[in-house]
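**Student:** Below: one structure in structure tokens.
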Amino acid sequence: MFGRKKHTFVMIFSLLISSYIVSDENYAVVSNHLIDGKSDQIRTDLAVIISNNKISEVIDRNLIPKDTRLIDLGNSTLMPGLINAHEHPLLHENDYQTAHLKSSSAYKALIGLKTHQGLLASGWTTIRVMGDGDVFYANQDIKKAIENKIFIGPRITGAAHYISITGGGGDINYMSPEQTPLPDGLIADGPQEIIKAIRKEIKYGSDWIKIMVTGAFMSVGDNPENVSFSPEELKAAVDEAKRHGIPVAAHAHATEGINQAIRAGVRSIEHGTYLDEESISLMVKYGTFYVPTIYVGDYYANSGKLLAQEKNDDYYLSYRSEWLSMIEKAYLAGVKITVGSDLCGYGIEPSLCVREFATLVEAGMTPMDAIKAGTIVGAELVGWDDELGSIESGKLADIIAVKGNPLEDISVLESPILVIKDGKIIINKLDSYSALEK
Ligand SMILES: [Zn+2]
């Protein structure tokens, strides 16, 4: 009994000590360049002062108060932590639908935590999960474990499942009718089932609703050129989510599906491959965000890794250049484009996901605007732009540093040398430090 009391005392004491140290955490990060997420120009010779979990000041490097602990990164660039607007951390194996059938939700939670940590170490301090192949709610559990400080990980928002019609992109369409597995998506048909599915998503912690408005590229047996949801189903989905104050993200490839979804009031269009001039003006008019997810197509094209390889290649490769020119048009028209990788489930090297920035530059965005797409615009999409997405006093200290200047070479984003989340250093390659390996 005494032993337990002593143990409790030691625990409380050490908690007090650690919270004292954390609350006293005050340091400055200095590098030659700073991209603050707001200015159009790179800024120089500044220091970011971090106090507890916040950015307390951005000041001239010569004005750093004496005795402040200093991390001097020399010729590198400080920038806001990256916001990945479209990811599926539980997907694993290239044939993700079969992998879903083989793995329990508990297993998915374990590998999903590892995936989230890998993404954080690659500079993604915030992840918006766009539904996952999971019967239960592993991402919500991972999020809870991170928020309860049991594990280190990124900030997580998003949907537990992608809601799909029977035979749609979230259904398993390659088994005999005698087999009735629980699919990777959440199947709902008709307004009533969709309303119930949305209420269940919200009940178990989804802070986004993800709907598969059209068919998909990588799933088996459906067609991305088909609109899956009827107008009544789409309206029911958006109305119900709105009643609960929850935003809707619409997976949509087919032009009509994109345009119907924007008109119905979704907050974001995912992929939007066959967007047309009308889609662009509708997105501008409604303030809809656009998450193109280009690089995942390059990664899987001709890879032989997908069960639906032929379908994917037919659609992706034949339309890639036209799609990129439409993305440029959307960008020039002022559509709010964000960065989503849609690639880095478990087993994919997380640094690859950062290549989405380079494909947005290939489409015509300036490197600075691509970086804003993956920082401040992403923060606006998830509704956290008051606290995240830029390096300004008062915001949460989610900051990364990359070698050199990403405006000259965007690929430097692939290997950040410093990652700070909530004021805590996660990775500092200059010191070979990783909080994830402790
Ligand atoms: Zn996706």
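Read-outs throughout are calculated quantities, based only on the coordinates presented, and are distinct from any laboratory measurement. Model, not experiment: these values are computed from the prediction. Don't worry about glycine lacking a Cβ; one is built from the backbone with ideal geometry, like all the others, and counts go over all protein chains shown.
**Student:** Residue-wise, which Karplus ³J(HN,Hα) couplings in Hz belong to the range 336-343, taking 6.51 cos²θ - 1.76 cosθ + 1.60, θ = phi - 60°, and x for glycine or proline?
**Tutor:** Values per residue, Gly and Pro as x: 7, 8, 10, 9, x, 9, 6, 10 Hz.
**Student:** Would you kindly state how much longer the chain becomes between K102 and E225 on full extension, computed as 0.36 nm times their sequence separation minus their alpha carbon distance, in nm to one decimal?
**Tutor:** Full-extension gain reported as 41.4 nm.
**Student:** Per residue, what volume in Å³ does the convex hull of the Cα atoms of the range 30-106 enclose?
**Tutor:** So the per-residue Cα hull volume is 175 Å³.
**Student:** Calculate the FRET efficiency for N26 and D369 from the Cβ-Cβ distance with a Förster distance of 51 Å, rounded to the nearest 0.05.
**Tutor:** It comes out at approximately 0.95.
**Student:** To the nearest Å, what is the center-to-center distance of the range 193-242 and the range 340-378, using C-alpha atoms only?
**Tutor:** If you average the Cα positions of each part, the centres end up 25 Å apart.
**Student:** Which value, in debye to the nearest 20, gives the size of the charge dipole of the chain about its Cα centre, when Lys and Arg are +1 and Asp and Glu are -1 at the Cβ?
**Tutor:** Computed charge dipole of the chain: roughly 1880 debye.
**Student:** Using label points projected 7 Å from each Cα along Cα→Cβ, tell me how many nm separate E232 and L110, to one decimal.
**Tutor:** 4.6 nm
**Student:** Another question, if that's okay. Treat the count of other C-beta atoms within 10 Å as a stand-in for reagent exposure and order W384, W323 from fewest to most.
**Tutor:** W384, W323
**Student:** How big is the antiparallel share of DSSP beta bridges in the chain, given as a percent to the nearest 5?
**Tutor:** Rounded to the nearest five, the antiparallel share is 50 percent.
**Student:** Would any residue of the range 392-429 have its amide N under 15 Å from a label point 7 Å out along Cα→Cβ of R61? List them or say none.
**Tutor:** 401-405
**Student:** Still on this structure, please answer the following. What distance in nm separates the two pseudo spin-label positions at T68 and Q192, each 7 Å out from Cα along the beta-carbon direction?
**Tutor:** In this crude spin-label approximation the distance works out to 6.3 nm.
**Student:** Report the GluC sites (Glu not before Pro) located in the range 317-397 that are in a DSSP loop and have at most 15 other Cβ atoms inside 10 Å of their Cβ, or state none.
**Tutor:** Sparse-neighbourhood loop GluC sites (Glu not before Pro): E387, E392.
**Student:** Only residues of the range 238-269 count here: report those whose backbone N is under 18 Å from the spot 7 Å along Cα→Cβ of E278, or say none.
**Tutor:** 252-266, 269
**Student:** Between N302 and Y433, what FRET efficiency comes out of the Förster formula 1/(1 + (r/R0)^6) with R0 = 41 Å and r the beta carbon distance, rounded to 0.05?
**Tutor:** The formula returns an efficiency of 0.55 here.
**Student:** Report P(r) for the range 82-381: all Cα-Cα distances, bin width 10 Å, range 0 to the bin holding the largest distance, values in whole percent.
**Tutor:** Pair shares across the bins are 7, 31, 40, 21, 2, 0.
**Student:** Here's something else I'd like to know. Please compute the modelled spin-label separation between T44 and F151, points set 7 Å along Cα→Cβ, answer in nm with one decimal.
**Tutor:** Label at F151, label at T44, 4.4 nm between them.
**Student:** R320 to E408: FRET efficiency via 1/(1 + (r/R0)^6), r the Cβ-Cβ distance, R0 35 Å, to the nearest 0.05?
**Tutor:** 0.85
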